[in-house]
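Before any comments, here is the structure.
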Amino acid sequence: DLLDPERLIQCPFVKHHHIRACRFPYHLVKCKESNPEIAKKLATCPFNARHLVPSHDLSNHIMKCNDKAFIEQDIVSRFCEPSQEQVKNGSTWQAPPCDEDWETEVLERSNSAFVW
């Protein structure tokens, strides 16, 4: 199960490291610092920072990355107009006009004597 926090994931830096999914991001940071030569050869997926692949395979990974679908879906939904149903169910609340005048309040306070 991809959502199981206890599933084991293989480290991209050291192949015999198998880390629980819930600890994987922390391990990546530590292992990257411990293996700078290997880190130079790996590229980070633009869709998921947990995906580290050899630099020469990055374009192929991008084409096949499962997380790309989530990003594409988000981009499409941002540019699409909301449906009439969404507009009806949405909030029509607007902030009331502001009656505060901070400059007047400062002038009123400056006229009063300050007592310690």
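Laboratory data are not the source of any read-out in this text; all were calculated from the coordinates shown. This structure is a prediction, so every number in the text was calculated from the model and none was measured. Counting neighbours? That spans all protein chains shown, and the Cβs are built from the backbone with ideal geometry, glycine included.
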Rg and Dmax of the range 1-40, Cα atoms only, in Å: 10.5, 32
Reach of Lys41 by Cα under 28 Å, taken over lysines that are not fewer than 8 positions away in the same chain: Lys15, Lys30, Lys32, Lys64, Lys68
Pairwise label distance in nanometres, Leu8 with Asp99, each label 7 Å out on the Cα-Cβ vector: 6.8 nm
Selection from His18, Ala39, Leu8, by position along the positive dipole direction of the range 1-40 (Cβ): Ala39
Computed FRET value (nearest 0.05) for Ala49 with Asp1, which takes r as the C-beta separation and R₀ as 25 Å: 0.75
